[in-house]
Amino acid sequence: MRQKLVRLVGGVAIAALALGGAAACKSDSASNEAGGDGCGSKIAFFGALTGPNAALGINMNNGVKLALDQYNKENADCQVTLVPLDSQGNPEQAPGLAQQAIDDAQILGVVGPAFSGESEAANPLFSEAGLVHVTPSATRPSLADQGWKTFVRTVGNDLSQGPAAANYIKNVLKAEKVFVVDDQSAYGAGLADEVKKVLGAAVVGSDKVQGDGKQSDFSATVTQVKSSGATAIYYGGYYAEAGLIRKQLTAAGVTATLVAGDGVNDPSYITGAGAAAAEGDVLTCPCMPASETGGTFAEDFKALHGSEPGTYSDTAYDAANILLQGIKAGNTDRAKLLEFARGYTGQGVAANYKFTENGDLAPEAVRVWAYVVKDGKIVPDQEIPKS
Amino acid sequence: MDFNTLFSDFGGYTITGLTVGAIYALVALGYTLVYGVLRLINFAHSEVFIAGAFAAIWGWAALGLDRDSVASGFGSIMLYLLVGALIAAAASAGTATVIERVAYRPLRKRNAPPLAFLITAIGASIAIAEAFGIYTRRLPVGAPTVVKNDVVFTVFGAEVTVVQLLILGSALAMMVALDLFINRSRIGRGIRAVAQDQNTAALMGINKDRIILVVFVIGGVMAGVAGMLYDIRIGTLTYSVGFLLGLKAFTAAVLGGIGNLRGALIGGLLLGLVENYASALWGANWKDLVAFVVLVVLLMFRPTGLLGESLGRARA
């Protein structure tokens, strides 16, 4: 009897709590929508700020910070604040963070999620909540085909980057034997598959490794590459593993050029591999070198952060600017800002933006660049011609 | 399944597999020693290993070797190796001592249940790994090229390199030394006595706590050297690699028969080989799956591991 009573009381208490919570939420969002002038609203950055692949996320966050800094200087009486959501690049953390952004009614738009894997985990939630998310870097092609109503991408997807890398291997490196490795991530495997498709019979072997810092010894893969006699290696994945693989390949006497995508296009790759081992490796990116981006972006970035813009600093800056322009134009609720972002056209620093009906960057706006490692630095090589 | 890949370079897969296995074996010793004496799985042992691996890199850095330097000259290479091994062993042994003092001894004094030890072990492991993670900003730390990976000789079409010889040689040498120490020395006899029966050993005048400390220190020294060898082999160190490597080493210890020193060696080498062969046959993404299926199947037929028995009872 007593137990029953306790249960009953407990149940009532929980129900009351839940109701109270719901009521609180409701009043919260109501008061926010009443605000309406966009002052005090927030945008979020969603990506890895710590963890094994944080360097790329930090590049982007710095680009967003610059956009916000400039906006808030121009609109000192009506500022927008930045909420960093650190996913560590981990898809398991993504849904929780997405919910956090959705529950904060002040957040009108999100720059990110940065990587493809976490996008797959977080984007369904955003789509359901109607919160627009502009990714500067998640390049897996299928992200645009999931029917997410809120998806916008300011970067060319792997359908442009993969074939471009393959063309570079074929036409510039003139490699006849290519070994393809990927890290089984949404991003890495997708990119590697596109490369394999274009290279066809030139692929003499392939292997899959573990990403996310789960593997550090690649001796079996190295042995395979070595016996395959490949003169070029394509790696689909991120810089942490790429650096290790390069270092171990070179240590085993493999001198083949490593070609990889934007996930490796970061100085941390050279730090991991060692400058001598990484020399001559080719990194592609659907992003332009700082010297090619328009206006004073590179100088402004350096003035604010004291360092050169990194990979995706420019696309993240553009993504943030699209959201900020929308807020400035009076689109101060989520539905209006979403509509604005998806219909946006205009010149940014990295591209002349125009989006398809899925929110993907229109193919004619995509430009892929090849960069090479030279004297321990990543320097622009050439824009890779389409096909 | 791709037998071609495996057999076209069978020697190569064998030698790299043995090299990986030798490092597993050195770390496995720490698990097996502590288990043999305390019946305790020291899950924080993976961080004992990490401490040594970081200490070696930082020690070399203090001597002026950064990630892009290449050591040259036989004398200076030997000096760097010796200094690296000493620093790594000292750091690992120190970490192991602290773990024993902070996480285990207080519990032992209060007769805590075995579950409590398990939790403090995991807690210590996470705490230490996170501390290294925060200190290194979770970025990979590059090791210098202390030993150049030149090919020494070719056997059955497989190139054997200096690094591989160094790792296999030093791992084997340390195993033999440890085996002799446990079986021939006075302290070794004490360790075996405590492993057989703690209370009786105490009645015979053996200082139990001292023996336990010695066991942790020996395990630490082995793990520290393994850490330095890992640096030389992999070339880059991330704070989080200890977890999986520790798990593999623990697996190796169970495979060979936990509590059994020679079992740890056999288990380590076997695990390294199986992993590497599996990578060749099905691709690197399959290696963990195959390795652990082999473990399960093997334990079905030999529940106490390949060599079975524990430290005290083993005739080893």
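How about segment A:89-120: which of its residues are surrounded by fewer than 21 Cβ atoms within 10 Å (Cβ to Cβ) and either under 15 Å from the mean Cα position of the chain (by Cα) or within 26 Å of B:ARG137 (Cα to Cα) (or both)?
Selection gives A:ASN90, A:PRO91, A:GLU92, A:GLN93, A:PRO95, A:GLY96, A:GLN100, A:GLU120.
Given the conditions (1) free of Cβ contacts under 8 Å to residues at least 40 places away in the same chain; (2) surrounded by fewer than 23 Cβ atoms within 10 Å (Cβ to Cβ), and given that B:ALA284 satisfies all but one, which numbered condition is not satisfied?
That leaves (2) as the condition not met.
Scan B:ILE99, B:ILE57 and give me the residue that is crowded, with 16+ Cβ neighbours inside 10 Å, under 23 Å from A:GLY243 (Cα atoms), of a type in the set (Val, Ile, Thr) and in contact with a helix residue (DSSP H, G or I) (Cβ under 9 Å, 6 or more places away or on another chain).
The conditions single out B:ILE57.
Please find, within segment B:260-281, the residue that is surrounded by the fewest Cβ atoms within 10 Å (Cβ to Cβ) out of those that are in contact with a Phe, Trp or Tyr (Cβ under 6 Å, 6 or more places away or on another chain) and among the hydrophobic types (A, V, I, L, M, F, W, C).
B:ALA278
Quick check on this structure: which one of B:GLY11, B:GLY17, B:GLY21 is farther than 30 Å from B:ASN111 by Cβ and either without any contact (Cβ under 8 Å) to a residue 40 or more places away in the chain or surrounded by fewer than 24 Cβ atoms within 10 Å (Cβ to Cβ) (or both)?
On the way: B:GLY17 fails: either without any contact (Cβ under 8 Å) to a residue 40 or more places away in the chain or surrounded by fewer than 24 Cβ atoms within 10 Å (Cβ to Cβ) (or both); B:GLY21 fails: either without any contact (Cβ under 8 Å) to a residue 40 or more places away in the chain or surrounded by fewer than 24 Cβ atoms within 10 Å (Cβ to Cβ) (or both).
After applying the criteria, what remains is B:GLY11.
Collect the residues in segment B:24-48 that are within 14 Å of another protein chain (Cβ to nearest Cβ) and either touching a Ser or Thr at 6+ places or on another chain (Cβ under 7 Å) or without any contact (Cβ under 8 Å) to a residue 12 or more places away in the chain (or both), keeping them in residue-number order.
B:SER46
Taking only pairs six or more apart or across chains, which ones have beta-carbon atoms under 8 Å, a first residue in segment B:115-141 that is under 29 Å from A:ALA273 (Cβ atoms), and a second residue that is among the hydroxyl-bearing types (Ser, Thr, Tyr) and part of a strand (DSSP E or B)?
Final answer for the pair search is B:PRO140/B:THR236; B:VAL141/B:THR236.
What number goes with the only condition from (1) closer than 28 Å to B:GLY227 by Cα; (2) more than 10 Å from chain B (Cβ to nearest Cβ); (3) surrounded by fewer than 23 Cβ atoms within 10 Å (Cβ to Cβ) that A:ILE245 does not pass?
(3)
Which ones in segment B:225-245 are within 14 Å of chain A (Cβ to nearest Cβ) and closer than 25 Å to B:GLY188 by Cα?
Within segment B:225-245, B:ALA226, B:GLY227 meet the criteria.
Return the residues of segment A:173-221 that are within 8 Å of chain B (Cβ to nearest Cβ) and either modelled with pLDDT under 90 or out of contact with any strand residue (DSSP E or B) (no Cβ under 9 Å at 6 or more places or on another chain) (or both); say none if nothing qualifies.
Passing the criteria: A:GLN210, A:GLY213, A:LYS214, A:GLN215, A:SER216, A:ASP217, A:SER219, A:ALA220.
Tally the residues that are farther than 18 Å from A:ALA351 by Cβ and not aliphatic (A, V, I, L, M), restricting the search to segment A:301-318. Working first, answer last.
Here is the first cut: in segment A:301-318, the ones farther than 18 Å from A:ALA351 by Cβ are A:302-308.
Adding the requirement that they be not aliphatic (A, V, I, L, M) leaves A:302, A:305-308.
Number satisfying all stated conditions: 5.
Report, by residue number, each residue of segment B:143-160 that is part of a strand (DSSP E or B) and in contact with a Ser or Thr (Cβ under 9 Å, 6 or more places away or on another chain).
Correct list: B:THR145, B:VAL151, B:VAL152, B:ALA158, B:VAL160.
Tell me, yes or no, whether segment B:27-40 has at least one residue that is at negative phi and out of contact with any helix residue (DSSP H, G or I) (no Cβ under 8 Å at 6 or more places or on another chain).
No, every residue in segment B:27-40 fails to be at negative phi and out of contact with any helix residue (DSSP H, G or I) (no Cβ under 8 Å at 6 or more places or on another chain).
What are the residues in segment A:274-294 that are surrounded by 24 or more Cβ atoms within 10 Å (Cβ to Cβ) and at pLDDT below 90, if any?
Within segment A:274-294, A:GLY274, A:CYS285, A:PRO286, A:CYS287 qualify.
In segment B:161-178, which residues are within 12 Å of another protein chain (Cβ to nearest Cβ) and part of a helix (DSSP H, G or I)?
B:VAL162, B:VAL163, B:GLN164, B:ILE167
So, A:PRO267, is that one more than 14 Å from chain B (Cβ to nearest Cβ), surrounded by fewer than 23 Cβ atoms within 10 Å (Cβ to Cβ) and within 18 Å of the chain's Cα centre (by Cα) or not?
On the way: more than 14 Å from chain B (Cβ to nearest Cβ): no; surrounded by fewer than 23 Cβ atoms within 10 Å (Cβ to Cβ): yes; within 18 Å of the chain's Cα centre (by Cα): yes.
Taking the combined requirement at face value, the residue does not satisfy it.
Pick from segment B:257-276 the residues that are in contact with a Ser or Thr (Cβ under 8 Å, 6 or more places away or on another chain) and over 17 Å from B:MET222 (Cα atoms): which of them is nearest to the other protein chains (Cβ to nearest Cβ)? It would help to see each step written out before you state the result.
Quick first cut of segment B:257-276, residues in contact with a Ser or Thr (Cβ under 8 Å, 6 or more places away or on another chain) only: B:257-261, B:263-264, B:267, B:271-273, B:276.
Still in the running and over 17 Å from B:MET222 (Cα atoms): B:257, B:271-273, B:276.
Numbers: B:GLY257: 25, B:LEU271: 12, B:GLY272: 9, B:LEU273: 11, B:ASN276: 5 Å.
My answer is B:ASN276.
Residues checked against (1) under 30 Å from B:GLY308 (Cα atoms); (2) not β-branched (Val, Ile, Thr):
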residue: B:ILE41; (1), (2): yes, no
residue: B:ILE57; (1), (2): no, no
residue: B:LEU65; (1), (2): no, yes
residue: B:ALA89; (1), (2): yes, yes
residue: B:ALA121; (1), (2): yes, yes
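Just to be sure, is B:VAL294 touching a helix residue (DSSP H, G or I) at 6+ places or on another chain (Cβ under 6 Å) and surrounded by fewer than 17 Cβ atoms within 10 Å (Cβ to Cβ)?
No: the conditions fail for B:VAL294.
With respect to B:TYR239, is the statement that it is of a type outside the set (A, V, I, L, M, F, W, C) and outside any helix (DSSP H, G or I) true?
yes
Name the single residue, out of those in segment B:269-316 being part of a loop (DSSP other than H, G, I, E, B) and among the basic types (Lys, Arg), that is modelled with the lowest pLDDT.
The selected residue is B:ARG315.
Could you say whether any residue in segment A:166-177 is under 22 Å from B:SER279 (Cβ atoms) and either touching a Gly at 6+ places or on another chain (Cβ under 7 Å) or crowded, with 19+ Cβ neighbours inside 10 Å (or both)?
So far as segment A:166-177 goes, yes, one or more of its residues are under 22 Å from B:SER279 (Cβ atoms) and either touching a Gly at 6+ places or on another chain (Cβ under 7 Å) or crowded, with 19+ Cβ neighbours inside 10 Å (or both).
In segment B:187-219, how many are charged (D, E, K, R) and within 24 Å of the chain's Cα centre (by Cα)?
Qualifying residue count, segment B:187-219: 4.
Quick check on B:LEU6: is it assigned to a helix (DSSP H, G or I), at pLDDT 90 or above, of a type outside the set (D, E, K, R) and under 30 Å from B:VAL160 (Cα atoms)?
The answer is no for B:LEU6.
Taking segment A:348-360 as the region of interest, how many residues are within 19 Å of A:GLY63 (Cα to Cα) and in contact (Cβ under 8 Å) with a residue 40 or more places away in the chain?
Of the residues in segment A:348-360, 5 are within 19 Å of A:GLY63 (Cα to Cα) and in contact (Cβ under 8 Å) with a residue 40 or more places away in the chain.
Any chance you could count how many residues in segment B:206-253 are closer than 18 Å to B:VAL296 by Cα, surrounded by fewer than 24 Cβ atoms within 10 Å (Cβ to Cβ) and out of contact with any Asp or Glu (no Cβ under 9 Å at 6 or more places or on another chain)?
2
The values are calculated or read from the model by the stated rules, or taken from the named source; none is laboratory data. These numbers come from a predicted model, not from an experiment. Backbone-built Cβ (ideal geometry, glycine too); neighbour counts: all protein chains shown.
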